[in-house]
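Structure record follows, encoded as structure tokens.
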Amino acid sequence: MSVDVAIVGAGFAGLAMAGALRRAGRDSFTILELGRSVGGTWRDNTYPGVSCDVPSHLYGLAQHPWPDWSGVYARGDEIHRYLQHVADAEGLRERLRLDTALLSARWVDDGWTLETGGAHAGTTRASRLVLACGRLTEPRIPDVPGLETFGGPIFHSARWDHTVPLAGTRVAVVGTGASAAQLVPELVRRGAEVVLFQRTPAWIVPRGARDYTADERRRFAGRPDELAALRARLYDEGEARFASRSGDADAAAAAVAEARAHLARQIEDPALRAALTPGYAFGCKRVLLSDDFYPAVASPAVTLEASALARIDGGALVAASGARHDADLLVLATGFTASQQPYADLVTGERGVTLGEHWASGMTSFASTVVAGFPDLFVLNGPNASLGHNSSVLMAEAQAEYVVRSLDVAEARAAAGSADESCAADETGAEDRDGACHGARARSVLRLDPAAERAYTERIDAAAASTPWIRGGCDNWYVDERSGRLTLLWPGTVGAFRAMLDESDGSEFLPAGATRDPSRVRGET
Ligand SMILES: Cc1cc2nc3c(=O)[nH]c(=O)nc-3n(C[C@H](O)[C@H](O)[C@H](O)COP(=O)(O)OP(=O)(O)OC[C@H]3O[C@@H](n4cnc5c(N)ncnc54)[C@H](O)[C@@H]3O)c2cc1C
């Protein structure tokens, strides 16, 4: 098969990309997805209590408002259904190659050669490659000595085994991040007893979760203007949260006061309160939203072990504190390997270097989307594209628009007769002997100027230098452990991200033909 654009991944980002291509009249694309359905995060995370923590009417695609969300924060299964609806509404079913994993992608003869496995195993040629493989997809399994000797079932929160009964079960939960904060109250509601291993407490603020009434949902359905106004208000509220998470002293102090008051209201026992109080700057780790986590921890059903799980010994779970705990089921709510993505090792660029090698000391890019040495490659939700204060769907949508604009740049260059013009790979079109593109768009290869990537990386480093993510006194997944650089989080607001993308006018790409001279690239990227 041969297409203009191959998108890898059918989560929010891949679907946003496909929709943007479609709206731009670019119909030659395919979507490769290793799962059996679209949805990514929301297909894989089915643990009890899973839901979003950005309000649903903002945590969705702008082109696909959804009046039916059951509450302020939708459940994971609703979001999964919503993404299936989006795939249908965009008419993507015939473009989707489900159960099909990208195994390798190689830049060969001015195009990408993709090898796939699974239902659509084989070779695909694509002019452009969009990686929308996610960043919270690979469960992080902690290196706990003796883990394999645990007597009962063990699984990660993102790989929930629904055949294991919960009522009357003693469940050990490792980790107190965003997943655990949703999971633990639900385990208690389902009649489980919980031992909770907490290495580091999180800053937690009230969530304000509630169901929408039938009246509200009818009104949202009948009044699209009201829904749009709600989305705009939620966006502004999200943007306003940036200050407290990024180190603004007054905003952080107000947020700390709110979090401490929340803790004091919900936890009476001073010792438990102390154990749940973070000792690092607000925003350094992801700030959690929860109304029911503290009450669950304070209930007799939960034992808080305020140290990490250190080892498993003779069937017992031994904490770093030395305490021993028994459990029937062990749940690893330990997050994801975010800084080193498996897809990076699958992609080989112009000089035979993999993306993983290029990123050996942490992800770098220009505009969080394009990478020097990897022509016609776009990465969504990769380097410096995550947020701690607002909906990450907004970022993927903005990146998808940037990709479409970049493709327009390539076409404008080709139309102006640039040196490395060729035809886009297409199911119908091909270049004939006189070089004309029949049925396919003319194209000019987009090669990022390595200097643009260096300048962008310096800009990110400078913006991050004095923030809590770097200086806040915690370990977090926003920072690459190999370099200590902020490689996952965008150190600004969504508005600033959009403005940065809008500033990019195509001059970040080398003039056509410039990198035919390999000495220009060698050592620079
Ligand atoms: C439990 C949980 C709750 C979250 N809640 C929020 C929230 O409230 N707000 C927020 O902004 N963010 C939240 N996030 C972050 C969330 O991951 C993003 O918001 C968003 O869903 C990411 O979409 P994506 O398309 O970039 O990645 P994903 O949803 O991870 O999709 C990537 C897709 O790529 C596929 N893929 C990967 N590698 C390959 C390959 N080699 N071949 C083929 N296919 C491949 C995967 O199977 C997957 O379907 C949450 C994350 C988790 C884990």
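The values are calculated or read from the model by the stated rules, or taken from the named source; none is laboratory data. The structure presented is a predicted model; accordingly, all values stated were derived computationally and were not measured. Glycine also receives a Cβ, built like all others from the backbone with ideal geometry; neighbour counts cover every protein chain displayed. Please note that ligands, DNA and RNA were not included when accessible areas were found on the heavy atoms of the full protein model with its side chains. Shrake-Rupley method; radii C 1.70, N 1.55, O 1.52, S 1.80 Å.
Computed values, structure above
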| quantity | calculated |
| --- | --- |
| Residue list for the range 475-490, filter: closer than 21 Å to Gly177 by Cα and in contact with a Ser or Thr (Cβ under 8 Å, 6 or more places away or on another chain) | Asp475, Trp477, Tyr478, Val479, Asp480, Glu481, Leu486, Thr487, Leu488, Leu489, Trp490 |
| Out of Val331, Val371, Val347, Val379, sole residue that is more than 20 Å from the chain's Cα centre (by Cα) and of a type outside the set (S, T, N, Q) | Val331 |
| Failed item, numbered, when Ala425 is tested on (1) surrounded by fewer than 19 Cβ atoms within 10 Å (Cβ to Cβ); (2) in a loop (DSSP other than H, G, I, E, B); (3) at pLDDT below 65 | (1) |
| Residue match in the range 74-90 (condition: farther than 29 Å from Asp27 by Cα and of a type in the set (Lys, Arg)) | yes |
| Selected residue [without any contact (Cβ under 8 Å) to a residue 24 or more places away in the chain and either surrounded by 23 or more Cβ atoms within 10 Å (Cβ to Cβ) or within 14 Å of the ligand (Cβ to nearest atom) (or both)] from Thr369, Thr354 | Thr354 |
| Counted residues, the range 22-38 - those being in contact with a strand residue (DSSP E or B) (Cβ under 6 Å, 6 or more places away or on another chain) and within 15 Å of the ligand (Cβ to nearest atom) | 5 |
| Residue list for the range 66-98, restricted to those being open to solvent by 60 Å² or more (accessible area, probe 1.4 Å), in contact with a Gly (Cβ under 7 Å, 6 or more places away or on another chain) and in contact (Cβ under 8 Å) with a residue 60 or more places away in the chain | none |
| Single condition Leu103 does not satisfy, out of (1) surrounded by 16 or more Cβ atoms within 10 Å (Cβ to Cβ); (2) within 9 Å of the ligand (Cβ to nearest atom) | (1) |
| Some residue of the range 290-308 being farther than 30 Å from Glu115 by Cα, aliphatic (A, V, I, L, M), buried (at least 20 other Cβ atoms within 10 Å of the Cβ) and touching a Pro at 6+ places or on another chain (Cβ under 7 Å) | yes |
| Filter result (surrounded by 15 or more Cβ atoms within 10 Å (Cβ to Cβ) and assigned to a loop (DSSP other than H, G, I, E, B)) within the range 257-287 | Ile267, Leu276, Pro278, Tyr280, Ala281, Phe282, Gly283, Cys284, Lys285, Arg286, Val287 |
| The listed residue being touching a residue at least 40 places away in the same chain (Cβ under 8 Å) and not in a strand (DSSP E or B), out of Ser321, Ser307 | Ser307 |
| Filter result for Ala6 (more than 9 Å from the ligand (Cβ to nearest atom), open to solvent by less than 30 Å² (accessible area, probe 1.4 Å), part of a strand (DSSP E or B) and touching a residue at least 24 places away in the same chain (Cβ under 8 Å)) | yes |
| Any hit, the range 324-342, residues being open to solvent by 10 Å² or more (accessible area, probe 1.4 Å), touching a Lys or Arg at 6+ places or on another chain (Cβ under 9 Å), assigned to a strand (DSSP E or B) and away from the ligand (no atom under 15 Å from the Cβ) | yes |
| Some residue of the range 61-80 being of a type in the set (Phe, Trp, Tyr), at pLDDT 95 or above, in contact with a helix residue (DSSP H, G or I) (Cβ under 8 Å, 6 or more places away or on another chain) and within 11 Å of the ligand (Cβ to nearest atom) | no |
